[in-house]
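*Asks:* Here it is, the structure, as structure tokens.
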Amino acid sequence: MASITLDNVVKTYPDGFTAVKGVSLDIADGEFVILVGPSGCGKSTLLRMIVGLEDISDGELRIADEVVNDKAPRDRDLAMVFQNYALYPHLTVYENIAFPLRLAKGEYTDEQIDERVREASRLLELDEHLERKPANLSGGQRQRVAMGRAIVRRAKAFLFDEPLSNLDAKLRGQMRTEIARLQRNLATTTVYVTHDQTEAMTLGDRVAVLRRGELQQVASPRGLYDQP
Ligand code: ADP
Ligand code: ADP
């Protein structure tokens, strides 16, 4: 686990457009921060810079107090969960969850992989579905497999990009409870992008509001939504 520090972070795209205009934010070790804001305000850009999929134009990004601006994504050791969970259709649930560990060739023995996959699937209540293929799972189960892949790596932090937006209302409610429970169990530092006010109110320790590439407000969910 690790703190994440954004220090005046800027993103200017090659076409000259500045999508993130100097954002500073201190995310404590184990904290759950929700990132909200209108479409196009720079939420995805910010997440992608943190995880390393997008270069930082200016400013500094620190993970566990280490500057990581020039570190490759795999060396940052963060796990990202997208809304379109991109599971491998030909692999079982077990192999989908094991995939990140198999990718790190030679780093894990089969026994270690097995132990981690079983731990993660217990946490996510997927243990009865390990031999099934993604096509035969519900949307919520598929989303949990995607989260399982983040958990097995024991990443330093989780980054969620609207992970529940493709689910129907009932499933969304269930997954919200699931994510809240996971966060209590793992206490992993989390940045979570959402459009959903209920998610923002119930999941986060703090809510950060982004607008036109600038941080407009950072507050507790109560401070933000219970204002007169
Ligand atoms: P959000 O996730 O909040 O909807 P994004 O981070 O996707 O916002 O986009 C922020 C702004 O950056 C938008 O105006 C978008 O058009 C622009 N943008 C995103 N990607 C690129 C790119 N590759 N080149 C130029 N502009 C981009
Ligand atoms: P214990 O030490 O009590 O056996 P662990 O902390 O090793 O438990 O693991 C409990 C569960 O939490 C496992 O599923 C593990 O993959 C997960 N886990 C542990 N640490 C992290 C972390 N930093 N990030 C994500 N998942 C983690």
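The values are calculated or read from the model by the stated rules, or taken from the named source; none is laboratory data. These numbers were taken from a predicted model, which means no experiment stands behind them. Cβ sites come from the backbone with ideal geometry, for glycine too, and all protein chains shown count toward neighbours. Heads up: the accessible areas ignore ligands, DNA and RNA and are worked out on the full protein's heavy atoms, side chains in. Shrake-Rupley method; radii C 1.70, N 1.55, O 1.52, S 1.80 Å.
*Asks:* Note down the nm distance, to one decimal, between modelled labels 7 Å out along Cα→Cβ at ALA72 and at ALA169.
*Replies:* Label-label distance for ALA72 and ALA169, simple model: 4.7 nm.
*Asks:* P(r) tail for the chain, what percent of Cα pairs lie past 22 Å?
*Replies:* For the chain, the fraction of Cα-Cα distances above 22 Å is 52 percent.
*Asks:* For the range 8-25, list residues with backbone N below 15 Å from a point placed 7 Å from the Cα of ASP205 toward its Cβ?
*Replies:* What the label zone holds, given the 15 Å backbone N cut-off, is 25.
*Asks:* Moving to a separate point now. Among ASN185, ASN69, ASN166, which one shows the highest mean-square fluctuation when the chain is modelled as a Gaussian network with alpha-carbon springs under 10 Å?
*Replies:* Ranking ASN185, ASN69, ASN166 by mean-square fluctuation puts ASN185 first.
*Asks:* How many percent of the accessible area of the range 67-155 is carbon or sulfur, using a 1.4 Å probe?
*Replies:* Ligands and nucleic acids excluded, carbon and sulfur give 46 percent.
*Asks:* Counting only heavy atoms of protein chains, what accessible area per residue, in Å², does the range 85-228 have with a probe of 1.4 Å?
*Replies:* Each residue of the range 85-228 exposes 51 Å² on average to a 1.4 Å probe.
*Asks:* Give me the percent of the accessible area of the range 13-52 that comes from carbon and sulfur atoms, probe 1.4 Å, all protein chains in place.
*Replies:* Solvent-exposed carbon and sulfur of the range 13-52 make up 53 percent of the total.
*Asks:* For ALA104, project a label point 7 Å along Cα to C-beta. Then give me every residue of the range 175-198 with its amide nitrogen under 19 Å of that point.
*Replies:* The answer is 186-190.
*Asks:* With an 8 Å Cα cut-off and a minimum separation of 6 or more residues, compute the relative contact order for the range 41-165 in percent.
*Replies:* Reported relative contact order: 36 percent.
*Asks:* Using Cα pairs under 8 angstrom and six or more residues apart, how large is the relative contact order of the chain, in percent?
*Replies:* 30
*Asks:* Follow-up question, since we're still on this one. With each pseudo-label sitting 7 Å past Cα toward Cβ, what's the ASP196-SER138 distance in nm, one decimal?
*Replies:* Simple spin-label model gives 1.4 nm for this pair.
*Asks:* At a 1.4 Å probe radius, which order do MET201, MET1 fall into by accessible area, largest first?
*Replies:* Result, largest first: MET1, MET201.
*Asks:* Give the lysines reachable from LYS43 as a straight Cα distance under 25 Å; neighbours fewer than 8 places away on the same chain don't count.
*Replies:* LYS11, LYS21, LYS71, LYS156
*Asks:* Between ARG118 and LYS21, what is the spin-label point distance in nm, taking each point 7 Å from the Cα along the Cα→C-beta axis?
*Replies:* In this crude label model, ARG118 to LYS21 measures out at 5.5 nm.
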